[in-house]
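Values in this text are rule-based calculations from the coordinates and carry no lab data. As the structure is a computational prediction, the values presented were derived from the model and not from experiment. Here the Cβ positions follow ideal geometry from the backbone for every residue, glycine too, while neighbour counts run over all protein chains shown.
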Amino acid sequence: MLPKARRIDKTTFKTLTGRGMSYHSPLLFLSVYKTNTEKPTRFAVLCSKKVSNRAVDRNRQRRRVYRGIQMVLPRITPGFLCVFTLKKEAKDSSFDELFVVIESILRQANLFM
């Protein structure tokens, strides 16, 4: 799990709907919002019931994405809010496949230093 300083809180999350740039991949969506500060980039991961009806499976998917983010965190540019949304196809993918997609979508969004 990411440190609390690196996660988007509920009040901030509610203000983000419908803004920012979107990036797509076969396994997930990424919405990126530019902030005016130089604070560290913060993240949120959404996994709806469309991915899986079982909360255990949804939480496992979220933890996998958070782990992938944590592995690339030192290379991330500060000053952004990022929301990952998982697709159904992510359920059947391995962690290695998911990690490659996370890296490529973050690179596509120009979030690496």
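Just to be sure I follow the rule: in the chain, considering lysines 8 or more places apart or on different chains, how many pairs have Cα atoms under 14 Å apart?
Lysine pairs meeting both conditions in the chain amount to 7.
Report the FRET efficiency, 1/(1 + (r/R0)^6), for residue 97 and residue 38, where r is their Cβ-Cβ distance and R0 is 41 Å, rounded to 0.05.
Using R0 = 41 Å, I get an efficiency of 0.80.
Share of antiparallel DSSP beta bridges in the stretch 4-108, in percent to the nearest 5? Display every interim value, and only then the final one.
On the way: 11 of 17 bridges.
Taking every DSSP beta bridge with both residues in the stretch 4-108, the antiparallel ones total about 65 percent.
Quick one: pull the percentage of alpha-carbon pairs in the stretch 4-108 with a separation above 16 Å.
Summing the P(r) tail past 16 Å for the stretch 4-108 gives 55 percent.
Given R₀ = 35 Å, what would the calculated FRET efficiency be for residue 50 paired with residue 113, taking r from the Cβ atoms and rounding to 0.05?
On the way: r = 34 Å, r/R0 = 0.98.
FRET efficiency, residue 50 to residue 113: 0.55.
Give, as ranges by residue number, the residues of the stretch 40-67 whose backbone N falls under 15 Å from the point 7 Å along Cα→Cβ of residue 4.
Nothing falls inside the zone, counting backbone N under 15 Å.
What angle, in degrees between 0 and 90 and rounded to the nearest 10, separates the Cα long axis of helix 55-72 from the longest principal axis of the Cα atoms of the chain?
With both axes taken from Cα atoms, the answer is about 40 degrees.
With runs of 4+ DSSP H residues as the only contributors, calculate the mean residue ellipticity of the chain at 222 nm using -39,500 (n - 2.57) per run, divided by the residue total and rounded to the nearest 500.
Helix contribution divided over all residues of the chain: -10500 deg cm²/dmol.
Run the numbers on the stretch 4-108 and let me know its relative contact order in percent, using alpha-carbon pairs under 8 Å that are six or more apart. The partial results should precede the final answer.
On the way: 145 pairs, mean separation 38.4, N = 105.
Over the stretch 4-108, the number comes to 37 percent.
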